[in-house]
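Novice: Handing you a structure now.
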Amino acid sequence: MTQDEMKFTVAQTALKYVIKNTIIGVGTGSTANFFIDALSTIKNNIKGAVASSKETAQRLENHGIKVFDLNKIEAISTYIDGADESDNDLNLIKGGGGALTREKIVAAVAHQFICIADESKLVSIMGSFPLPIEVIPMAVNYVKNQIIQKIGGIPEVRKDFITDNGNFILDIKDLKITNPKAMETKLNSIIGVVTNGLFANRGANVLLLGTPNGVKVITT
Ligand code: 5RP
C-alpha cells in the first residue's frame, strides 16, 4: 500500500467521527485534503466546517461545503487534521504546511481532535521533524537567539514563506523532545512567538493511523 493509499483510507475512516448536524473543524495538508474529498460525500449531513487555513477553506468551498467564521458560531464538535509526528501519548508536531496557529485555535475550540496520519508519522520521541514556530516578523532574530540559548536545536527561517496571518516560520532542527508539554509552554513564553507546532497541552484524542494492514486506532 502506498503512503497516499494509507492517507486515503484513514480519511475515509475519519468520516465515522463526523457528528451529524454539527459544525466540524478541518485541518490542512495532504491528509486533510483526502478527508475534505471524503467529507464531500456526506456534506448534507453536517452544517458546515471551520477551516484551519485559506487553502482548506477554498477546497471546502469548491466541494460546496459551507465554511463558517469561528467568531460567528457556538461550537465545533470534532476537529480532523493530519500531523507531522505523533508520539504514543498523542502529543503532536504540526505546522509542516505552516498552518499551525489556525490549526491550534480550531483544535482548542473543538470538543474532540481526531488526528489522521499514515504510519510513518508515529515516533517514540518527537523532534526528527523540524519543529515549526510562527513568529512576528520583526522578532525573528530575537526569537532565533532565544531558542538557541534556552531551547537548543538549530532554528532556521522557512524560505519564501509567509503564513495566512502574515508571519514568518522558524523551523527548529535537531531537537529531541522528551517533555512535549513543558517545551510547548517554554516556547510560548518567548516574546514574538505567535504559536509553536507542539500540540501537547491539547493533543489529539484519537489517532487514526494508516498501515498496510488497515487503520490502527490509538486513543489517549
Ligand atoms: C499543516 C499541518 C499538517 O497537518 C501536517 O504538515 C501534515 O501534513 P500531511 O498530511 O501533508 O503530511 O500541520 O500545517
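The values are calculated or read from the model by the stated rules, or taken from the named source; none is laboratory data. Remember, predicted model here, so these are calculated numbers, not experimental data. In this analysis, Cβ positions are derived from the backbone assuming ideal geometry, glycine residues included, and neighbour counts consider all displayed protein chains. Just the protein is used for accessible areas: all its heavy atoms, side chains included, with ligands, DNA and RNA removed. Shrake-Rupley method; radii C 1.70, N 1.55, O 1.52, S 1.80 Å.
Novice: Could you check, for the range 149-172, whether at least one of its residues is closer than 30 Å to T13 by Cα and among the charged types (D, E, K, R)?
Specialist: Yes, because at least one residue in the range 149-172 is closer than 30 Å to T13 by Cα and among the charged types (D, E, K, R).
Novice: Hey, another quick one. If you check S120 against the conditions, is it within 16 Å of the ligand (Cβ to nearest atom) and either assigned to a loop (DSSP other than H, G, I, E, B) or aliphatic (A, V, I, L, M) (or both)?
Specialist: Values: within 16 Å of the ligand (Cβ to nearest atom): yes; either assigned to a loop (DSSP other than H, G, I, E, B) or aliphatic (A, V, I, L, M) (or both): no.
No; evaluated as a whole, the condition is false for this residue.
Novice: How do the pairs read when you match residues in the range 108-122 that are of a type in the set (G, A, S) with residues anywhere that are not in a strand (DSSP E or B), using Cβ under 7 Å and keeping only pairs 6 or more apart or on different chains?
Specialist: A108/R202; A117/V10; A117/T31; A117/G82; A117/A83; S120/Q3
Novice: Can I ask one more? Can you name the residue in the range 124-141 that is aliphatic (A, V, I, L, M) and open to solvent by 30 Å² or more (accessible area, probe 1.4 Å) and, of all such residues, is nearest to M6 (Cα to Cα)?
Specialist: I125
Novice: For the range 166-197, give me the residue count where each residue is open to solvent by 20 Å² or more (accessible area, probe 1.4 Å), of a type outside the set (A, V, I, L, M, F, W, C) and touching a strand residue (DSSP E or B) at 6+ places or on another chain (Cβ under 6 Å).
Specialist: 3
Novice: Would you check which residues across the range 111-123 are open to solvent by 10 Å² or more (accessible area, probe 1.4 Å) and touching a Leu at 6+ places or on another chain (Cβ under 9 Å) and list them?
Specialist: Hits for the range 111-123 are E119, K121, L122.
Novice: Okay, next question. Given the conditions (1) outside any loop (DSSP other than H, G, I, E, B); (2) surrounded by fewer than 18 Cβ atoms within 10 Å (Cβ to Cβ); (3) of a type in the set (K, R), and given that K144 satisfies all but one, which numbered condition is not satisfied?
Specialist: The one condition K144 does not meet is (2).
Novice: Given I148, I125, which one is without any contact (Cβ under 8 Å) to a residue 12 or more places away in the chain, out of contact with any Phe, Trp or Tyr (no Cβ under 9 Å at 6 or more places or on another chain) and farther than 25 Å from S53 by Cα?
Specialist: It is I148.
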